[in-house]
Amino acid sequence: MTTATTHPVLSAIEARVLGTLMEKARTVPDSYPLSLNSLMLGCNQKTTRDPLMDLDEAQVAGAVAHLRELGLVHETTGGRTTKFTHNFQRGMNVFEQSAVILGMLMLRGPQTAGELRLNTERWYRFADISSVEGFLDELLERSAEKGGPLVVKLPRLAGTREQRWAHLLCGPVDLSELEAARSGHAGGNAERIDRLEQEVAQLRQVVQKLCTELGVSPDAPDAQG
């Protein structure tokens, strides 16, 4: 009788460490494997990361240690600095394309199939969106014998046409947490818009005052000689 297995449940920091190793292996192979410091800097990047993190070396080292126990990260020998590589594809028993998709979801959070195809271009070039969707469906329908589903299709957001996908490597997705994060982004954008509108109103007042002092109309066209 075949017994079902379960995939390891990672912490958010472990997912970030693993995703970073997977990214750097493909985008900057000359700098790979990564030292602990380089790995920390990659985890804390301010671009192509969602959510943003500010990890220290101790946190990254702890995540690496657990990932090594799970067989998902290997330590390389030789040289004066210890460096690390990932073993995700073999460790999770997934196809290369599936590993690429999961790596991108770990780094950038929930995304549509179209966004995944665009964002993974430097990692792997999918022929079309249908190809991405095919691998997502395969990860969604993964059998219990192989560890169960590794992705989930999220409910469609109001005002959007496509549904987003999220990975399950850190356990079930907390929809309320995702919505709170989205609301936070929206709130931040609203604050920026309000601030810009206030600045525009102040500039209009300054222009109006200058025009009054000069005796010209702010709407008057420039005189052409």
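Two decimals is fine: what is log10 I(q)/I(0) at q = 0.28 Å⁻¹ for the stretch 39-104, from a Debye sum with one equal scatterer on every Cα and no solvent? Each listed q corresponds, in turn, to -1.21. Taking other C-beta atoms within 10 angstrom as a stand-in for reagent exposure, Ser31, Ser176 fall in the order Ser176, Ser31, fewest first. Backbone amide hydrogens, once placed in the peptide plane, bring Thr76 within less than 5 Å of Lys83, Phe84, Thr85, excluding anything fewer than 5 places away on its chain.
Evaluating 6.51 cos²θ - 1.76 cosθ + 1.60 at θ = phi - 60° for every residue in the stretch 70-81, the Karplus couplings come out as 7, x, 9, 9, 10, 9, 9, 9, x, x, 7, 10 Hz, glycine and proline recorded as x. Among the trypsin sites (Lys or Arg not before Pro) found in the stretch 107-163, those both in a DSSP coil and sparsely packed, with 14 or fewer other Cβ atoms within 10 Å of their Cβ, are Arg122, Arg125, Arg156, Arg161.
The spacing between the stretch 4-47 and the stretch 50-83, judged by their C-alpha centroids, is 8 Å. Near the amide H of Gln111, within less than 5 Å, lie the amide hydrogens of Trp165, all on another chain or at least 5 residues away, with H placed in the peptide plane. The stretch between Ser31 and Leu157 holds 41.5 nm of extra length on full extension. This uses 0.36 nm per residue minus the Cα-Cα distance. Its Cα centre serving as origin, the stretch 12-173 has a Cβ charge dipole (Lys and Arg +1, Asp and Glu -1) of approximately 200 debye. The Rg/Rh ratio for the stretch 12-173 is 0.97, where Rg is the radius of gyration of the alpha carbons and Rh is the Kirkwood radius. Listing His86, His74 from fewest to most neighbouring C-beta atoms within 10 Å gives His74, His86. Ordering Thr6, Thr76, His66 by Cα displacement along the dipole of the stretch 1-78 toward the positive end leaves Thr6 in first place; charges were set at the Cβ atoms of Lys, Arg (+1) and Asp, Glu (-1). Counted by neighbouring Cβ atoms within 10 Å, the residues Cys43, Cys170 run from fewest to most as Cys170, Cys43. Listed by chain and number, the lysines whose alpha-carbon sits under 17 Å from that of Lys83, ignoring those within fewer than 8 places in the same chain, are Lys24.
Just so you know, all these numbers are worked out from the coordinates, no wet-lab data involved. Just so you know, these numbers come straight off a predicted model, no measurement behind them. In this analysis, Cβ positions are derived from the backbone assuming ideal geometry, glycine residues included, and neighbour counts consider all displayed protein chains.
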